[in-house]
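Read-outs throughout are calculated quantities, based only on the coordinates presented, and are distinct from any laboratory measurement. Because the structure is a prediction, the values reported are computed rather than measured. Here the Cβ positions follow ideal geometry from the backbone for every residue, glycine too, while neighbour counts run over all protein chains shown.
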Amino acid sequence: MDYQKLLSRTVQEIPPSGIRKFFDIVSEMKDALSLSVGEPDFTTPWNVCEAAIYSLERGQTHYSSNWGTISLRREIARYLSARYALEYDPEDEIIATVGASEGIDLALRALLNPGDEVLVPDPSFVAYMPCVRLAGGVAVPVKTGAEDGFKITPGQLRAAITPRTKALILPYPNNPTGGVMERADLEAVAAVLRGSGIFVIADEIYSELTYGQGHVSFAAIEGMRERTVLLNGFSKAFAMTGWRMGYLCAPRELAAMACKIHQYTIMCAPMQAQAAAEEALVSGFETGYAQVEGMRRIYDQRRRLLFKGLNDMGLDCFEPLGAFYLFPSIRSTGLPSEVFCEKLLREEKVAIVPGNAFGAAGEGHVRICYAVATEVIVEALKRIDRFIKSLK
Amino acid sequence: MTLSSLEMGILDILSGDSRIPYAQIAVMLGAEEAAVAAAAAALEEKAVLVGYPALIDWDKTAREQVQAVIEVKVTPQRDMGFDAIAERIYRFEEVKAVYLMSGAYDLMLEVQADSMKRLAGFVAQRLATIEHVLSTATHFVLKKYKLNGLVLEKKPEDERLVVSP
């Protein structure tokens, strides 16, 4: 079989993930300090795990509604209202998805016609550009920089918009930069979009992890709800990455299209994960989100420690106010990102991720994750410092 | 006692790991090192921060040690309630912890000795004979699973992928 000739050209043309490539290198080094993960180090709170066990014991091993169980959707609606002043109808505006990742795919496929352009901040999460392509669209990177806090500015946005622009992906707090967009920044973006036919896919998976002002959802900006597909999930806020539970919220006309795709490709999110997610929201609501707040406080302490340590060793580092990543510039070392990371791994056994894995604009940067124990951060800082001194 | 957010932050960090130096705590809390040192000293002064012992699972060592939890019924004393009798009891070095309890008995003790005989001797000769102690019920500890929020059995491993997006 001539696979190259026979298999989908679109898929073949998608470049392999930079993360994957680096994963293979790091996997060889069993004892490396890993600051290269994209998930919490906390395990899922036990009350949440137990809810899943209980749902198995009760024999909840069947399909749920395509949209997810109504009780989960009601909890999501209550959570979004309490935390972000958003109002979504649990009946037909919320879909429980297999991670927010599925939501990205659903949103794009529900919105795009062939050739439609989607603006994607660069650098950002690795899945956006390939998903745009798979949905028949054209991804248009919008370069963001440390000087603007890695935000999308109105100027950049205006310059990138063409008659073919269908959507803007707005992933804040941002992976890999830790950048956030506060209310005023979102208002400025809204002012550009108002009156246009451009949608916003707001991937707010890190919404609980902000260290300055609280998170403001793009859908909460006046007049923006009608053009927003809100994506969120349980992975980051509730330390539930492996459960694969997310949700998509959108105006009902749009949600109906997304659900059509979901129903034919996924059917429904796994039942046990839905039960666990519901417990996470119920107990969160009852305790004033004490578990979430406890994790956030610890991330914040680690963030400060890592930020100061990197600055003290002379790395130019933007202070991130969201997610759990730092994205320092390593240009002063004269090394490209990939070379820097590979050398650091081989010489000091510290694994971090080259910035260019998140888009061309990430070159010259590295992503360091602080979802690791404090003593690991302290040790990693020592080693990175020694490494940088060895380069001079 | 109302404590400042700095003081609460220090307590949070030290409760997880009391070896973290003040300079690092200062960075983690976004405060000055001198302020952290002063706040920690004040917390010690107020007896909020009482000590910094390490958590050790002696069962994994060769040292012989017996632990028991003892329920004690006592007669409270006029004007002093349970405090005076509690003090009479906690002064013994075998007594590692004393709690005043609600429910079927009054005081709960955690007691430790280097042999069963010693511990039995402590209960029979010292504890039970104290005036106002009405009865005792001793429960020996067979195995410890979790102590001060930490699981003793094994160090949890990081099961995450080494690199993920």
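Key figures
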{"item": "Part-to-part distance (alpha-carbon centres) for the stretch B:74-120 and the stretch A:167-181, which is given in Å", "result": "58 Å"}
{"item": "Listed pairs B:LYS73/B:LYS117; B:LYS46/B:LYS146; A:LYS236/B:LYS144; A:LYS21/A:LYS166; A:LYS349/B:LYS60; A:LYS30/A:LYS382 exceeding 25 Å between Cα atoms", "result": "B:LYS46/B:LYS146; A:LYS236/B:LYS144; A:LYS21/A:LYS166; A:LYS349/B:LYS60"}
{"item": "Rg followed by Dmax, in Å, when chain A is reduced to its Cα trace", "result": "20.8, 63"}
{"item": "Local electrostatic count, B:ILE89, Cβ distance below 15 Å [Lys/Arg +1, Asp/Glu -1]", "result": "-3"}
{"item": "Pair A:ASN113, B:TYR52: separation of 7 Å Cα→Cβ label points (nm)", "result": "6.9 nm"}
{"item": "Under 13 Å from the Cα of A:LYS5 - aspartates and glutamates, other chains or at least 8 residues apart", "result": "A:GLU13"}
{"item": "Charge tally in the Cβ shell below 12 Å around A:PRO163, where Lys, Arg are +1 and Asp, Glu are -1, A:PRO163 excluded", "result": "0"}
{"item": "Compactness index (Cα Rg / 2.2 N^0.38 Å), the stretch A:143-277", "result": "1.12"}
{"item": "Taking the C-alpha atoms of the stretch B:1-158, convex hull volume expressed per residue in Å³", "result": "165 Å³"}
{"item": "Overall form of the stretch A:252-312 per C-alpha gyration tensor (a/c, 1.5; a/b vs b/c)", "result": "prolate"}
{"item": "Spin-label model distance (nm) - A:MET257 vs A:ASP92, 7 Å beyond Cα toward Cβ", "result": "1.6 nm"}
{"item": "Kyte-Doolittle at least -0.5, axis length at least 15 Å by Cα - qualifying DSSP helices, chain B", "result": "B:5-16, B:33-45"}
{"item": "Cβ-Cβ FRET estimate between A:GLU28 and A:ALA360, R0 fixed at 22 Å, reported to 0.05", "result": "0.25"}
{"item": "Cα-based helix-to-principal-axis angle, A:183-193 vs chain A, degrees rounded to 10", "result": "70 degrees"}
{"item": "Pairwise label distance in nanometres, A:GLN12 with A:LYS349, each label 7 Å out on the Cα-Cβ vector", "result": "4.3 nm"}
{"item": "Ranked list, fewest to most other Cβ atoms within 10 Å of each Cβ, for A:HIS262, A:HIS62", "result": "A:HIS62, A:HIS262"}
{"item": "Inter-chain Cβ neighbour average for residues B:151-163, partner chain, 10 Å", "result": "5"}
{"item": "Theoretical ellipticity at 222 nm over chain A - DSSP helices of four or more residues, -39500 (n - 2.57) apiece, nearest 500", "result": "-13500 deg cm²/dmol"}
{"item": "Which of A:TRP67, A:LEU306, A:ALA255, positive extreme of dipole for chain A (C-beta unit charges)", "result": "A:LEU306"}
{"item": "Alpha-carbon gyration tensor eigenvalues x 5, square-rooted, for the stretch B:5-45, Å", "result": "12, 12, 9"}
{"item": "Estimated FRET transfer efficiency (B:ALA128, A:THR43; beta-carbon r; R0 35 Å; 0.05)", "result": "0.20"}
{"item": "Förster-model FRET efficiency, 25 Å R0, B:LYS143 and B:ASP17, C-beta, rounded to 0.05", "result": "0.50"}
{"item": "Segment B:ALA41-B:MET108, extension gain: residue separation times 0.36 nm, minus the distance between their alpha carbons", "result": "21.0 nm"}
{"item": "The stretch B:61-142, Rg to Rh (Cα coordinates; Rh as Kirkwood inverse mean 1/r)", "result": "0.98"}
